[in-house]
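Accompanying notes for the structure given below.
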Amino acid sequence: MPITSTLRDDGIRVVTMDAPPVNALTVQGWYDVAAALDEAGADPATRVVVLRAEGKGFNAGVDIKQMQQTSGFDALLGANRGCHAAFKAVYECAVPVVAAVAGHCLGGGVGLVGNADCVVASDDAYFGVPEVNQGALGAATHMARLVPQHLMRTLYFTARTIPAADLVQFGSVLEVVPRDRLDDAALAVAGEIAAKDPRVIRAAKEALNGIDPVDVNASYRFEQGFTFELNLAGVSDQLRDGFAGTEKGSRQARSTGAQARPTGAQARPTSGPTPATEDEQ
């Protein structure tokens, strides 16, 4: 199972993503994350959730290969709806969610972390939204919860990444620890929350969401609308084909009698660690 959920005796529920090689989740994987968070919040025995991952990194976003190997737009629609459901489940979980981030946290990973209540990271963790490289838009809503607006825009337009240590100064990452201490650090802050009266904590979570200045659910869906436009225009398939080594865009162009427009090589981020891809084994 790529998504597991375990309730500890102290009321801390640990939800773990484990989808090798880089935790790029399939459509079903995103819905499974949503289900795990919804079930956690609905269980009165759950006092706080720790969202973590096994493997190379926290999350590499959607499974682009699945999208390119599926005809039509079914996988795209599934991924967009699945991501929306997962991000919404983190944000609206009835108890606080502590994200424990190691290694890469890209695209959809930023959507999860940006909606969490507390973020603890390892010293090798980094964040990025490389959507523009793949002809998609999204997760700017959530990156804007991690960094100031102008930095968010720079990261978004350039597809650069930013190390977790740089986010401590903004208060979006609570602390950075060696990777082998990450779980202990996340459980420590979760333990502080779990020790409080759960009736108060659940009320506090609802109250804090109620005073948020941005409706993150509607904001993210607005972003996704432009992703659909880029897909209908054929731009996204061209860019994703270059990433996945597929020819979905060319096949669709031939079937409609259109000519695919070359886009050229897509540059990697010019600073920060190289974003993880599904091709890394």
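Annotations for the structure displayed:
- Just one of the listed residues (59, 80, 115) is polar (S, T, N, Q) and at pLDDT below 95, namely 80.
- Selection within region 41-70 - of a type in the set (D, E, K, R), more than 22 Å from residue 123 (Cβ to Cβ) and open to solvent by less than 50 Å² (accessible area, probe 1.4 Å): 43, 63
- Checking residue 31 against (1) within 25 Å of residue 162 (Cα to Cα); (2) open to solvent by 30 Å² or more (accessible area, probe 1.4 Å); (3) within 15 Å of the chain's Cα centre (by Cα), the condition it does not meet: (1)
- Checking each residue in region 186-204 for being touching a helix residue (DSSP H, G or I) at 6+ places or on another chain (Cβ under 9 Å) and either open to solvent by less than 20 Å² (accessible area, probe 1.4 Å) or in a helix (DSSP H, G or I) (or both) picks out 193, 194, 201, 202.
- Residue 238 being open to solvent by 60 Å² or more (accessible area, probe 1.4 Å) and among the polar types (S, T, N, Q): no
- Residue ID - farthest from the chain's Cα centre (by Cα), chosen from residues in region 156-182 that are surrounded by 13 or more Cβ atoms within 10 Å (Cβ to Cβ), part of a loop (DSSP other than H, G, I, E, B) and not basic (Lys, Arg): 174
- Sole residue being closer than 20 Å to residue 236 by Cβ and open to solvent by 50 Å² or more (accessible area, probe 1.4 Å), chosen from 38, 74, 10: 74
- One residue from 245, 249, 210 being open to solvent by 60 Å² or more (accessible area, probe 1.4 Å) and at pLDDT below 95: 245
- Some residue of region 133-141 being within 27 Å of residue 11 (Cα to Cα) and part of a loop (DSSP other than H, G, I, E, B): no
- Among (1) aliphatic (A, V, I, L, M); (2) touching a helix residue (DSSP H, G or I) at 6+ places or on another chain (Cβ under 8 Å); (3) farther than 15 Å from residue 51 by Cα, the one test that residue 102 misses: (3)
- When restricted to residues that are touching a residue at least 12 places away in the same chain (Cβ under 8 Å), more than 30 Å from residue 241 (Cβ to Cβ), open to solvent by 20 Å² or more (accessible area, probe 1.4 Å) and in contact with a strand residue (DSSP E or B) (Cβ under 9 Å, 6 or more places away or on another chain), region 109-154 contains 4.
- Every condition in (1) farther than 24 Å from residue 183 by Cα; (2) under 12 Å from the mean Cα position of the chain (by Cα) holds for residue 86 except the one numbered (1).
The values are calculated or read from the model by the stated rules, or taken from the named source; none is laboratory data. None of the values given here were measured: they were computed from a predicted structure. All Cβ positions, glycine included, derive from the backbone under ideal geometry; neighbour counts span all protein chains shown. Each accessible area value is taken on the protein alone, full model and side chains, heavy atoms only, with ligands, DNA and RNA left out. Shrake-Rupley method; radii C 1.70, N 1.55, O 1.52, S 1.80 Å.
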